[in-house]
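Take a look at the structure below.
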Amino acid sequence: MKRVHVDNYTPKYYSGKWSWSAEKDCLEFEPHNDLEDARERYITTNGYKFLRTIDQEEELIFRQAYVRDPGTYDFDTLVINDVRDLVLFLMPSEFLTYRFVEFMHRPAVHRLIHALIIYFEYFLRMVEFVLVRRDELADQIQSDQTIEMKKIFSIYLSQYRLLVARNYSVILKGEGDMANYYHLKEIVNISDTSRDRIFHEQFLAVTTQIVWISMHRRAYNVIEMEMNRLFRSDHFVMTRPEYLSFTPAERSLLYGRNNKLVNYRTQVSPLIQELEHVAEEDMPILWIGERKYRGTDVRIVEMELEYIVPGPQLRMIDVAHGILGHPKALYNTILDLDWPTVRYSNFSLGYDPYHIMRQPHLDIPRIDALKVRNMSEHYEHFYKVYRIYEPHSLQILNKWLKRDKLVQFYRSGGLLLTNVVSRCEKELADKVPVTKVDQVISNYFKVKSRLRKGSPYEADNISITSSRFGGFMSPRQKRAVAQEYYFE
């Protein structure tokens, strides 16, 4: 990743000026900010202030302590974990609780964020399509084919929304490892409303930031408005001048046929409305990512391919999901695209594997696409789909919980904030014990066996419960539980 600040060294003295304060009757130091407008350092999401940028010290601390380890999968490409780690570093201090940080590292939350990124990739295209058509239809009359095409677009967007609702329902019901985050307390079965409300507000704010950064930091107001509408309803979407207002026809196109607005006491979120009215031909969508689809419905095959293909391999199917799968060399520390690097990468309209040069667009569907789907056949499945997730250790969680203390410790001079060359020189000067060749080889084979596909995982190193095995597990049962955890 490129650096936001050119210099690798932390300045010894802050840049600024001294001025006389008439109110305090003393001299005050006014530091120079990296931004022209100091108010742009923060961005407010759902009432919480997130950092929009980072200064030189914060950048060095993040790169040295919180950047994803080089031994993880696809370290040279951007994945959801990279965006999540950046948002965890930029989020307010009140979010840093063990319950919330551990929740953000769960596989079920990872699947939900992945589905949200796919949904917003196409939702933003639909919003742009609506705004363009709004100007074009000022002096035109729509044809029957145009109306049918819009109907197909709306159904396709509802299908992506259904995929988000499926993953969100797993968290709501507290299935699997989500049982610890269920709103009902054990034994007494009383809902912890206040804590659950704060937890939900924080999760929506962090998710909005993750999706916004993944979408190249564009259309922030549209993402925030739609995120609040999805997980709550239109009753909770504030009327703000920067929010777009849609006509009833445009709302029907964007929000789908299942969107119903009733009294707030009986209102359910649009995600739950999608699950309550699932069309028969869309039922296989609920199994995407769980089992391999077998049938003749091309639309479901396309959705399954987009969902199960990992981010680093999206270029192989010529699909773009924001910044996922892009090389880290094209981005800086806060995941902003570095245009000078892109300029010298020789991308063109003929060679654009990451959809950087090409304009996002919607493929015009066939007019008879819905009729073809109704005539498609579905067969019994034989294969189950497994996904690999990077395990999170207790050490990583504790590092996030001590983020503010660690930043303060670095800034106070507790550790050396310099570049790699200076750190190596300091280690050599301190006469660090030399690692033996046998230990180096052992560490290498340990990393290689973990990253190679098909290698067995050590279940003893995983925090798993053995209550369903009566407190005793054989080595075979441990490997099975480990496989469920890593391939969930």
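The values are calculated or read from the model by the stated rules, or taken from the named source; none is laboratory data. Keep in mind that this is a model prediction, so the values were computed, not measured. Using ideal geometry, Cβ is built from the backbone for each residue, glycine included, and neighbour counts are taken over all protein chains shown. Please note that ligands, DNA and RNA were not included when accessible areas were found on the heavy atoms of the full protein model with its side chains. Shrake-Rupley method; radii C 1.70, N 1.55, O 1.52, S 1.80 Å.
Quick look at the numbers
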| read-out | value |
| --- | --- |
| Förster radius 30 Å - calculated FRET efficiency between S143 and R343, Cβ distance, rounded to 0.05 | 0.10 |
| Top positive-direction residue, dipole computed over segment 248-320 with Cβ charges, set I285, V301, L275 | L275 |
| Where Rh is the Kirkwood radius over Cα pairs, Rg/Rh for segment 97-214 | 1.14 |
| Gained length - A22 relative to K151, 0.36 nm times residue gap less alpha-carbon distance | 39.9 nm |
| Most to least packed among 143-150, 206-213, 225-232 [average Cβ atoms within 10 Å] | 206-213, 225-232, 143-150 |
| Phi-based couplings in Hz for segment 156-163 (Karplus 6.51, -1.76, 1.60; Gly and Pro marked x) | 4, 5, 5, 5, 5, 5, 5, 5 |
| Phi to ³J(HN,Hα) by Karplus 6.51 cos²θ - 1.76 cosθ + 1.60 over segment 240-250, Hz, x for Gly, Pro | 10, x, 7, 7, 6, 10, 10, 6, x, 5, 5 |
| Distance (nanometres) between label positions extended 7 Å along Cα→Cβ at E30 and A429 | 3.8 nm |
| Whole-number Å³ per residue for the convex hull built on Cα positions in segment 46-156 | 187 Å³ |
| Entries of K292/K399; K384/K448; K49/K402; K399/K446; K2/K426; K151/K384 with Cα pairs more than 29 Å apart | K292/K399; K151/K384 |
| Unit charges at the beta carbon, dipole of segment 26-180: most positive-side option, F62, L96, Q142 | Q142 |
| Cut-off 14 Å, label 7 Å out along Cα→Cβ of I272, residues of segment 144-182 by amide N | 165-166, 168-174 |
| Apportionment of accessible area to carbon and sulfur, segment 77-197, percent (1.4 Å) | 52 percent |
| Net +/- balance of residues flanking H381 in space, Cβ distance below 10 Å, scoring K and R +1, D and E -1 | +2 |
| Accessible-area ranking of H105, H378, largest first, probe 1.4 Å | H378, H105 |
